[in-house]
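Working notes, structure below.
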Amino acid sequence: MVRDDGPDVPDELDLDSPNAARMYDYYLGGSQNFAVDRAAAEQQLAVLPDVAATARANRA
């Protein structure tokens with residue numbers, strides 16, 4: 001797997017599976033997510049397009 005992270009990311013971080021917290025970060029427009037998280041989030045958005053708006057409303 002090609003890692004898309006920077007040098008400060010620990011090697012033991014699992015980048016083969018999406019993480020719900022990083023997906024939530026993606027919905028909020030954050031930068032603490034990886035390709036696997038973005039791909040899973042986009043799949044979820046295809047089925048539930050209001051997820052990102054709901055995450056933003058929840059944060060507000």
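Using the Karplus relation 6.51 cos²θ - 1.76 cosθ + 1.60 with θ = phi - 60°, the per-residue 3J(HN,Hα) values for segment 19-36 come to 10, 4, 5, 6, 5, 4, 4, 4, 4, 7, x, x, 10, 9, 9, 10, 3, 4 Hz, with x marking Gly and Pro.
Carbon-plus-sulfur accessible fraction, the chain (probe radius 1.4 Å, protein heavy atoms only): 53%. Spin-label model, Ala35/Glu12: points 7 Å from Cα along the beta carbon direction are separated by 2.5 nm.
The values are calculated or read from the model by the stated rules, or taken from the named source; none is laboratory data. None of the values given here were measured: they were computed from a predicted structure. Note that we place each Cβ from the backbone using ideal geometry, even for glycine, and neighbour counts take in every protein chain shown. Each accessible area value is taken on the protein alone, full model and side chains, heavy atoms only, with ligands, DNA and RNA left out. Shrake-Rupley method; radii C 1.70, N 1.55, O 1.52, S 1.80 Å.
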